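The values are calculated or read from the model by the stated rules, or taken from the named source; none is laboratory data. Just so you know, these numbers come straight off a predicted model, no measurement behind them. All Cβ positions, glycine included, derive from the backbone under ideal geometry; neighbour counts span all protein chains shown. Heads up: the accessible areas ignore ligands, DNA and RNA and are worked out on the full protein's heavy atoms, side chains in. Shrake-Rupley method; radii C 1.70, N 1.55, O 1.52, S 1.80 Å.
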Amino acid sequence: MVVGVVVGLVLATVGGCARDLSRDDVLDALRAQPWPADASVESDDDPGGGRYARPRASARSDSPHEPWRAVGAEVGRAVAAGWVPVYAQCTGPQDSVRVDLVREVREGVPATATVTGEVVDELGLPARLSDGSTVVSVEVVAAAPQDVSDPALLPAAVRAGVPDEPVDLAGCLTDPPAGGALRWAGTPAALPAVGGPLPR
């Protein structure tokens, strides 16, 4: 009986912590992150119908380098800040590159970051490197309090937690494919900006 009471108290305490977490707490945690630099942190109003907006941060920068080099540099900064790469996708050395990373922005609150690089012209349309520049975008989405209270609302790749070992990025960030062949490694882990109840 004593053991059952203790277990019940522990579960109640854990549940209370999750319920006490606010969206502002998560937004503050995102603002406190050293990466991405100069990020815009925000959260939209909940769209209703049981759906809810997740806190997010975003940043964008230009680079004179090929997408794979530019993304590699940004991912290096992310790794130095504690993020772990879990997915990479690329085609040719002048084509778009994507890397997904994960980490907890505060205890029990996972977040995902997607770093992309693509060459665009002055109008923002896809272009060759000689006719444009590489734009590197970072989109960070953190779990909302609803996700923390019910982790089943999170994608499986995020529920699994931060892996011990990062995915091998060499195929995209060290030696990208010479042609247009699609290459990838790992499992995508980008959190959608809007969450909601899942079919049970």
Just the accessible area for Leu101, please: 1.4 Å probe, Å², rounded to the nearest 10?
0
With all protein chains modelled, accessible area of Thr174 [1.4 Å, Å²]:
100
Heavy-atom accessible area order for Leu154, Leu125, largest first, 1.4 Å probe
Leu125, Leu154
Cα centroid distance between the stretch 116-148 and the stretch 163-200, in Å?
15
Asp45 to Val162: FRET efficiency via 1/(1 + (r/R0)^6), r the Cβ-Cβ distance, R0 30 Å, to the nearest 0.05?
0.50
Could you put Asp131, Asp25 in order of accessible surface area, largest first, with the 1.4 Å probe and the full protein assembly present?
Asp131, Asp25
Computing the accessible area with a 1.4 Å probe over protein heavy atoms, can you report the carbon and sulfur percentage for the chain?
54
Sequence-separation-based contact order of the chain, relative, with Cα cut under 8 Å and 6+ spacing, percent:
26
Rounded to 0.05, the calculated FRET efficiency for the beta carbons of Leu125 and Arg31 at R₀ = 25 Å is 0.15
